[in-house]
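Shown next, in structure tokens, is the structure this report addresses.
The values are calculated or read from the model by the stated rules, or taken from the named source; none is laboratory data. Note that the structure is predicted; figures quoted are calculated from it, not measured. Glycine gets a Cβ as well: all are built from the backbone with ideal geometry, and neighbour counts include every protein chain shown.
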Amino acid sequence: MRSKALPALLVLLLILTASQVRAEKAAFPSLPDTKITVPWDQFVKMMEELGRKPAPPPPPPFDVSVGRAAYSIRLSSGRLESSVILYATAYGEGWHELFVAGRDTPLVSVWVDDKEAVTFVRDDGVWVAFVGEGKKTIRAVVVCDAPQTPGPHTVTIPGPNAAVRGVDLSYPRYFTDVGVGGVVTASAPGRISSVLSGSGGITVSYTVAAVDKPEAPGKKIIGPPEIIAEVLSVMDIEEEAVLSWTRIGYEVRNAPVRSFRVKLPKGFDLLDVTGEGIASWKVSEDRTEVAVTVGYDVIGTYGLVFSFEKGRTEDMDSAALPKVTPVGAIRTTGFVMVVSGGGFEVTEEKAELLTPRDPSELPQAIVSLSALPPILAYRFTDPGFSLSVAIGKGEALYALSAFADSANSVVLVTTDGKMVVRTNYFIRNRNLQFLKISLPAGSVFWSASVRGIAVRTSTKQEGVVMVPLPMGTGDAAEPFIVSVVIFVPTKTLGLAGRLLLPLPRLEIPTGQMMATFYLPEGMSYLSFGGDMEPIEYFTEVLSSEATKSFVSENMRLKRSVYERQEELEEAIYEQQQMPDKTGAELPPASEGFDLPLRGKVFRFVKLIGMGEETSVSAVYVDRRLTIIVICLLVIAVGGCVIRYRRTLWNILTKPMGDVRKP
């Protein structure tokens, strides 16, 4: 019995011990004088894990976040004042930037944590700068103009993105249809409180009710309203469509009106109707009329502008003027103007009830409808007029997409048939996406950089490299540098022969090509050929009679072009990168190849390259062969002198007068 109880006690003791160890959260037991043997690689791994620091958390995806924005907007007569409180959080130390107002929005004040803040202007608006991290409270006040004329209006307040935007808007009682974000919000008269989702600016919409003015004593309305209209129509013939703009100037007499009806031309699509205080416009079901509703009573002068479009086909040889006729006008007069965007010969085909006018006699109101000069101009006093024009299609010619102001090359040639060419192209680009460079046969492209920054090139066909170009806009006339390095295999130089040195070719016109060749020493170069002119120095071209008339009108520009070649030679010699147009030093040359300059220097120039292949050829003779030939000639002459010395002596010493007569 005792033998069975002893194992049970041991099991119970082990269970209690395990429970105690687990209760102590796996604490190490006290085992004095105990040794543990660990393999060396495991010991090293354990020490590395103990010494490894935890990886820092990644930086936040943004520097500043705005959790809540509270707008307090007060809309009054002709003025909208907005006070905004931004509750932002800045992450990281240093300076932070936050957009607060639009560029055209007057900013009254900006405060950060109740201290005046630093602001600066960018293209998109006004920004505030502050330093430090953590919670920030930014207060700003902006003021905008709020139109007060009768009719519907909208005012947009640009602002930063925020998770929650609360708006409290107060306005006068005579404003109607007031809303925030284009939505009319149900609220108490004179006040709107709402929470908006989304981002960006806040749009406040409202309508100013027309004020009924009491009639002057003794003045009575005589009959229905009378409308006099002046119609100014412009037709623009373009390659893709026929466009038209019509401005109708109304004069409303006797009684006010709130709507205008206009007959629409056939075959044209009505794009838009603009005018002051337009509440709506609607085209009839048969698309023959449009009704325009104004948000207030119109009395006196008023104007509407209509935009039309008609798609055209390639075989269109004539076009009729889209005639717009005001409905209900007691008298309609106006002017007609025809313009064209280019590539078309527009002539009058048929004109009825129209009087031709000189373009200089057109009123400024119709001239301002189009930026193009008038081709045909007319005046009419009868609304039944009509006009059709004949269209002659010509081939459209476009300006150059890109032009190389100059191509400056430095070429190193070795005796064992290696040639390295580094060329700086000064490009003026408008809309050329790639600069296509045709390499000589067997060439290897090494690298290219644009404005000192390495670019990834591609190839469309064998031997043609495509270098991506930045597009030109306002500064398209200013050249930038495209630097290219290529390797060209040539023939190994023998004792004598002709060496052909081809250069890369552009598919765009090149103003001037200049090249400096470093040819192997130990050779005598007897003559040069090819389509480039050899010169001693590039500055000689400026004084050359052949080019004096060519550069006389723009000597300064041409001089700078020639100086570029000398700058390139010096830059390569000193292993530097040429400065850009601003004079600032560009980063180090991106091609990663230092072009060693060694050999005899020869310079060449060519004016106006039109995409043809350009090369230089040289007839050379090894100096050792020259010395051998000279020595053989000296030996031959010496042998002749020794052999025929008596005859030569007699000839030299015989008197000139001792000549026997036959």
- request: Could you please find all residues in the stretch 133-142 being assigned to a strand (DSSP E or B) and surrounded by 14 or more Cβ atoms within 10 Å (Cβ to Cβ)?
  value: Lys136, Ile138, Arg139, Ala140, Val141, Val142
message: Taking the condition of being crowded, with 21+ Cβ neighbours inside 10 Å and either outside any strand (DSSP E or B) or of a type in the set (Asp, Glu) (or both), how many residues in the stretch 501-529 meet it?
response: 1
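Does the stretch 321-346 hold any residues that are assigned to a strand (DSSP E or B), modelled with pLDDT of 90 or more and not aromatic (Phe, Trp, Tyr), and which are they? Please lay out each step first, then the result.
Filtering the stretch 321-346 for residues assigned to a strand (DSSP E or B) gives 325-327, 331-340, 344-346.
This time we only want the ones that are modelled with pLDDT of 90 or more, so: 325-327, 331-339.
Within the stretch 321-346, Thr325, Pro326, Val327, Arg331, Thr332, Thr333, Gly334, Val336, Met337, Val338, Val339 qualify.
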field: Residue among Ser386, Ser370 that alone is among the hydroxyl-bearing types (Ser, Thr, Tyr), assigned by TED's automatic domain parsing to the domain that holds Thr325 and at pLDDT 90 or above
entry: Ser386
message: Name the residue that is nearest to Ser72 (Cα to Cα), counting only residues in the stretch 120-132 that are of a type in the set (Gly, Ala, Ser) and part of a strand (DSSP E or B).
response: Gly125
message: Suppose we filter the stretch 376-395 for residues that are closer than 23 Å to Ile228 by Cβ and part of a strand (DSSP E or B); how many remain?
response: 6
statement: Val467 fails exactly one of (1) under 23 Å from Met513 (Cα atoms); (2) within 24 Å of the chain's Cα centre (by Cα); (3) surrounded by fewer than 21 Cβ atoms within 10 Å (Cβ to Cβ), namely (3)
task: Taking only the stretch 549-572 into account, find how many residues are at pLDDT below 50 and either surrounded by fewer than 19 Cβ atoms within 10 Å (Cβ to Cβ) or of a type in the set (Lys, Arg) (or both).
output: 8
- prompt: From the list Ser3, Ser77, Ser19, which residue is among the hydroxyl-bearing types (Ser, Thr, Tyr) and either modelled with pLDDT of 65 or more or under 30 Å from Arg165 (Cβ atoms) (or both)?
  reply: Ser77
Subset of the stretch 356-392 [in contact (Cβ under 8 Å) with a residue 24 or more places away in the chain and under 29 Å from Asn429 (Cα atoms)]: Ser370, Leu372, Pro373
- request: Give the residue, chosen from Val252, Val283, that is crowded, with 18+ Cβ neighbours inside 10 Å, more than 20 Å from Leu376 (Cα to Cα) and in contact with a strand residue (DSSP E or B) (Cβ under 9 Å, 6 or more places away or on another chain).
  value: Val252
- prompt: Do we have any residue at all in the stretch 414-433 that's crowded, with 17+ Cβ neighbours inside 10 Å and of a type in the set (D, E, K, R)?
  reply: yes
- request: Take the residues in the stretch 94-132 that are at pLDDT below 85 and of a type in the set (Asp, Glu), then tell me which one is surrounded by the fewest Cβ atoms within 10 Å (Cβ to Cβ).
  value: Asp123
query: Does Val257 count as in contact with a helix residue (DSSP H, G or I) (Cβ under 9 Å, 6 or more places away or on another chain), surrounded by 15 or more Cβ atoms within 10 Å (Cβ to Cβ) and at pLDDT 90 or above?
result: no
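Within the stretch 415-433, can you find the residues that are in contact (Cβ under 8 Å) with a residue 40 or more places away in the chain and in a loop (DSSP other than H, G, I, E, B)?
Thr415, Asp416, Gly417, Arg430, Asn431, Leu432
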query: Identify, please: which residue in the stretch 252-263 is touching a Phe, Trp or Tyr at 6+ places or on another chain (Cβ under 8 Å) and not aromatic (Phe, Trp, Tyr) and is, among those, farthest from Ser284 (Cα to Cα)?
result: Val252
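Test Val605 against the criterion of being surrounded by 15 or more Cβ atoms within 10 Å (Cβ to Cβ), at pLDDT below 75 and assigned by TED's automatic domain parsing to the domain that holds Gly452, and give yes or no. Outline the logic, then answer.
Numbers: surrounded by 15 or more Cβ atoms within 10 Å (Cβ to Cβ): yes; at pLDDT below 75: no; assigned by TED's automatic domain parsing to the domain that holds Gly452: yes.
Against the criterion (surrounded by 15 or more Cβ atoms within 10 Å (Cβ to Cβ), at pLDDT below 75 and assigned by TED's automatic domain parsing to the domain that holds Gly452), Val605 does not qualify.
Here is a yes/no grid of residues against (1) within 21 Å of Gly609 (Cβ to Cβ); (2) hydrophobic (A, V, I, L, M, F, W, C); (3) free of Cβ contacts under 8 Å to residues at least 60 places away in the same chain:
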| residue | (1), (2), (3) |
| --- | --- |
| Val413 | no, yes, no |
| Arg451 | no, no, no |
| Val464 | yes, yes, yes |
| Pro468 | no, no, yes |
| Ser483 | yes, no, no |
| Pro502 | yes, no, no |
| Leu506 | yes, yes, no |
Which numbered condition Gly267 misses (of (1) in contact (Cβ under 8 Å) with a residue 60 or more places away in the chain; (2) surrounded by fewer than 18 Cβ atoms within 10 Å (Cβ to Cβ); (3) assigned to a loop (DSSP other than H, G, I, E, B)): (1)
field: Pairs, first assigned to a strand (DSSP E or B) in the stretch 249-261, second among the aromatic types (Phe, Trp, Tyr), C-beta under 6 Å, six or more apart
entry: Tyr250/Tyr302
- prompt: Going by the conditions given, is Gly300 of a type in the set (Gly, Ala, Ser), surrounded by 13 or more Cβ atoms within 10 Å (Cβ to Cβ) and at pLDDT below 90?
  reply: no
